[in-house]
There are 2 protein chains.
Amino acid sequence: MIDQPISASQTPVNDARLRCINCGATPGHAAPDFRCQNCGDLLELIFPGWTSAAGQRSSTLNPEFLKKLWRERRHSRAAIDQSGVWRFRELLPQFDNEQRAITLREGNTPLYELPHSAGAAGVQNLFAKHQGMNPTGSFKDTGMTVAASFARQAGFRWVACASTGNTSASMAAYAARGGLRSLVLIPEGKISWGKLSQALEYGALTCQLRTDFDGCMRVLSEVIKRLLIYLLNSVNPYRVEGQKTAAIELLEQLDWQIPDHVIVPGGNLGNSSAVGKAFLEMRDLGLISRLPKLSIIQAEGANPFYRSIRENGGKTLTPVQADTLATAIRIGNPASWKKALRVLELSGGTVEQVSEVELARAKAEIGADGIGCEPASAVTLAGLKKLVRQGFVKPRETVVLLKDPEFTLKFHQGTLFSDSLHESEAAVLKPFQHAPVVLDANADAVLRALEQFEKNRPSPHA
Amino acid sequence: MIDQPISASQTPVNDARLRCINCGATPGHAAPDFRCQNCGDLLELIFPGWTSAAGQRSSTLNPEFLKKLWRERRHSRAAIDQSGVWRFRELLPQFDNEQRAITLREGNTPLYELPHSAGAAGVQNLFAKHQGMNPTGSFKDTGMTVAASFARQAGFRWVACASTGNTSASMAAYAARGGLRSLVLIPEGKISWGKLSQALEYGALTCQLRTDFDGCMRVLSEVIKRLLIYLLNSVNPYRVEGQKTAAIELLEQLDWQIPDHVIVPGGNLGNSSAVGKAFLEMRDLGLISRLPKLSIIQAEGANPFYRSIRENGGKTLTPVQADTLATAIRIGNPASWKKALRVLELSGGTVEQVSEVELARAKAEIGADGIGCEPASAVTLAGLKKLVRQGFVKPRETVVLLKDPEFTLKFHQGTLFSDSLHESEAAVLKPFQHAPVVLDANADAVLRALEQFEKNRPSPHA
């Protein structure tokens, strides 16, 4: 049943090296915690052979050759070719045995036009890349397939992370798929049960520690020093490599027409960094001729990066006590902020913050386009609206929002902000809130509800 | 941005007609309730021109031509070609304006090998088609894209259904996408809040009626007689047409190698009927040379179809009071049982039932392959295990499970069956249950938990 993958060449085309993002050290191997042993900062993977001329010099990195190869793989029946991550493996670190990659056909996420949201934001061409349509429901899968595969290739039997949500679900799924064991450390009490239940289903050993998230990270740091366990938290640079592919797939979906703006939610900033890294590398290889402006939107209650840029131009970052309903970006001390700062500067993007009310409203507007999303993803539309008002985004420019995929019901019941909302804010949200109506079981009651509805609500695509 | 879809021909190739599945009446138009006005039974769409020779006679229905056309569309940037439903539109009722189909790029769901589950079931080649990876998370989207598009084409502004879960979420999403309004009727109290919140997000008018599900259906029947509202419950035959495409896509993914068995969960039996209809039509058109055996698995607590077949050979069906944790198939009076009976008989398949314990165990086994699923989908693996033991499925035959995508956490905490479980049943489930462990925040405690875990649990792919 297993077909032969479609290979570009038998020789390695991408000789990746580790490098510290701060001091520039280039260790031959990563320490278990993926920190630089000189200065303690993060490591990234670089491709020394990729310069602006690389695409011309090398037949296997030739832009037209790559575009054709990636298209052909859409017809392949090999699992690695069907993956929306491994399909672009010429831009990933070299993996020894293609048949041994751990894949669940991640990536391949749709690019939607958003006519209703475009109207709300005041732009003509608005798209959303729906990264929630991954096997475990989040973009984390795109990074996990790469990092878990490298873990198994290196001989690890256990993988681990400290996570309260999407990361643990994704890690546990790929570990199960690859016959690896997985360890999840979470703070007792503060967890997303829906996501946790996924990790349990995939057989993860899940430990609730009597501490907070940072405490879990400290314990995990010690555990990986004492046992051969592969760390899959966001500091793992192989995850960044997998996450890069969303940007490559996006350009392919746009037929390599470069959008003017790409807008990303900003939590730990790993995904922003990954997407920006992909744009830079694609430009170096000649796959694209210029960079889209990459902008990052944070929630007001979890805005350390926004503050850093506005207050001191990104020189230092002061952690905050994070508090927002957008749980996926409720992060007060983003691990990858220096990487994100670099791609922001190089691409000419900006950073903005949005309130809880703004993001709740944006979420309902995206819903009116028939597309569901987590609050964390709705920040991109809310942020876009501000950027248009500020003139940073022009009405005729093409904009792409990157979005991942529980607070909907509470929002519609009007109880979400019950204690904290000003009257004027409540009035803004009211037209977007539609609680279920309780009625007697007869047609007349339903017909009256229909009439009321028509009266109160603007037509969705008027 | 919108590309021209890749069309087969300008002339209609599929002249669909409505026909009553019971009395054979062929009305020119459907009544609002999609019931036969003679006998009250269900309507289906038939294609009178499709006989076993049609593929030879017609250039646009030639099997090799179609297979090539469908492959080519994978490269198209037109939304309708990117849809895993509309891509196969030569086998759907003719739709007038291809650019006006309401699509969210549904379908395109992955086909996974299940090595761990295959071992548990005792077969060598086991695949699962993961229908949960649709835009709103269930196979309902594949039918909804077709039915909602035909509703809009016919000029309707409102669509409606009575549903407690996936159907309402799917309908509301497609309605929003198409600029239609949607009405959801649900019994007060008995609802899946997660799914309901999706419907609210997409702007559906959601009425909780003080009655049960049948009462909601009765009220809805009256509402659609009194207002121009298009009914999107499972009786709608256009939904069946869209759901057919999962079987076509499956065969394409298997490179048109026919599997020996296809196993489907049995709830209202609409999906089984749709999949079976696709196999029959593909055989008529010469796309496949023989039929896979299509078997249906029900939960013991919702087994009216199983009983009907075993007790009276499918002559009559007696509704039951449905009770199972597999909510998606918790249906006591399946609307499409006659259609399902026909495809079961024609394909040589069978019907089986499984207990709650069997399905919970199967769900955990599928999880060990890195794939999540709803309890309703796990019945297929649980049923397969029985069919292998009975000799109906041979170890070397190729088997495909069809699966859609909250009871996980309770299961792993061991509280799911707390009142109802025999001691021997509890012992069966124990090795599959892994509650989160609560520990003090130090590495020693975690290392002890790891050791304990290694001791107690078999290696996942040993």
Inset, instruction - Over 22 Å between C-alpha atoms is what I'm after, so list which of A:K68/B:K403; A:K403/B:K68; B:K363/B:K385 land there. - result: A:K68/B:K403; A:K403/B:K68
Legend entry - Copies compared at B:Q4 - label distances in nm, ascending, label defined 7 Å from Cα in the Cβ direction: 3.8
Legend entry - Innermost chain B residue relative to the axis carrying B onto A, by Cβ distance in angstrom: B:R74, 3
Legend entry - HN-Hα J in Hz across region B:384-393 - Karplus 6.51, -1.76, 1.60, θ = phi - 60°, x for Gly and Pro: 4, 4, 5, 5, 5, 4, 7, x, 5, 9
Inset, instruction - Could you order B:S289, A:S221 by accessible surface area, starting with the largest, using a probe radius of 1.4 Å? - result: B:S289, A:S221
Inset, instruction - Please give the calculated 222 nm ellipticity per residue for chain B, where each DSSP H segment of at least 4 residues contributes -39500 (n - 2.57) and the sum is spread over every residue; nearest 500 deg cm²/dmol? - result: -11500 deg cm²/dmol
Inset, instruction - Filter the cross-link list B:K244/B:K293; A:K140/A:K386; A:K140/A:K315; B:K293/B:K394; B:K315/B:K394 down to pairs whose alpha-carbon distance in this structure exceeds 19 Å. - result: A:K140/A:K386; A:K140/A:K315; B:K315/B:K394
Legend entry - Average beta-carbon neighbours from other chains, 10 Å sphere, peptide A:359-372: 5
Legend entry - Theoretical FRET efficiency, 1/(1+(r/R0)^6), r = Cβ-Cβ of A:K394 and B:R290, R0 56 Å, to 0.05: 0.40
Legend entry - Extreme residue, positive dipole direction of the protein assembly as shown, given options A:T380, B:T60, A:Y238 (C-beta unit charges): B:T60
Legend entry - Residue-normalised accessible area of region B:234-288, expressed per residue, 1.4 Å probe, Å²: 16 Å²
Inset, instruction - Would you compute the Debye intensity of chain A from its alpha-carbon atoms alone, equal scatterers and no solvent, and pass along log10 I(q)/I(0) at q = 0.07, 0.08 Å⁻¹ to two decimals? - result: -0.36, -0.47
Inset, instruction - In debye, nearest 20, what is the charge dipole magnitude of region B:154-234 about its Cα centre with +1 on Lys and Arg Cβ and -1 on Asp and Glu Cβ, if you could check? - result: 200 debye
Inset, instruction - Would you mind giving the mean number of other chain beta-carbons within 10 Å of the Cβ of each residue in A:442-453, as a whole number? - result: 6
Inset, instruction - Answer with one residue from A:I263, A:A78, A:S308: the one whose Cα lies farthest towards the positive end of the charge dipole of the protein assembly as shown, charges on Cβ with Lys, Arg +1 and Asp, Glu -1. - result: A:A78
Inset, instruction - Write down, largest first, the equivalent ellipsoid semi-axes of region B:292-377 in whole Å, where each equals the square root of 5 times an eigenvalue of the alpha-carbon gyration tensor. - result: 24, 16, 10
Legend entry - Lys, Arg +1 and Asp, Glu -1 on Cβ, resulting dipole of the protein assembly as shown about Cα centre, debye, nearest 20: 1100 debye
Inset, instruction - Might you work out the accessible area of A:I309 for me, using a 1.4 Å probe with all protein chains in place, and round it to the nearest 10 Å²? - result: 40 Å²
Inset, instruction - Please report, largest first and rounded to whole Å, the three semi-axes of the ellipsoid equivalent to region B:69-200, where each semi-axis is the square root of five times an eigenvalue of the C-alpha gyration tensor. - result: 28, 24, 10
Inset, instruction - Within the set of other residues whose C-beta is less than 14 Å from the C-beta of B:L114, count the net charge using Lys and Arg as +1 and Asp and Glu as -1. - result: +3
Legend entry - Nearest-first distances (nm) between copies at B:P395, label 7 Å from Cα via Cβ: 7.1
Legend entry - Nearest-first distances (nm) between copies at B:R210, label 7 Å from Cα via Cβ: 5.0
Inset, instruction - Pop out the carbon and sulfur fraction of the accessible area of the protein assembly as shown as a percent, whole number, probe 1.4 Å. - result: 47 percent
Inset, instruction - Provide the solvent-accessible area of A:E454, counting protein heavy atoms only and rolling a 1.4 Å probe, rounded to the nearest 10 Å². - result: 70 Å²
Inset, instruction - With just the Cα atoms of the protein assembly as shown, tell me how far they stretch along each of the three principal axes, in Å, largest first. - result: 82, 60, 58
Inset, instruction - Quick one: accessible surface of A:D214, probe radius 1.4 Å, all protein chains present, in square angstrom to the nearest 10. - result: 90 Å²
Inset, instruction - Take peptide A:74-82, look around each residue's Cβ out to 10 angstrom, count Cβ atoms belonging to other protein chains, and average those counts. - result: 2
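The values are calculated or read from the model by the stated rules, or taken from the named source; none is laboratory data. Keep in mind the model is a prediction, meaning the values are calculated, not measured. Don't worry about glycine lacking a Cβ; one is built from the backbone with ideal geometry, like all the others, and counts go over all protein chains shown. Ligands, DNA and RNA are excluded from the accessible area calculation, which covers all protein heavy atoms including side chains. Shrake-Rupley method; radii C 1.70, N 1.55, O 1.52, S 1.80 Å.
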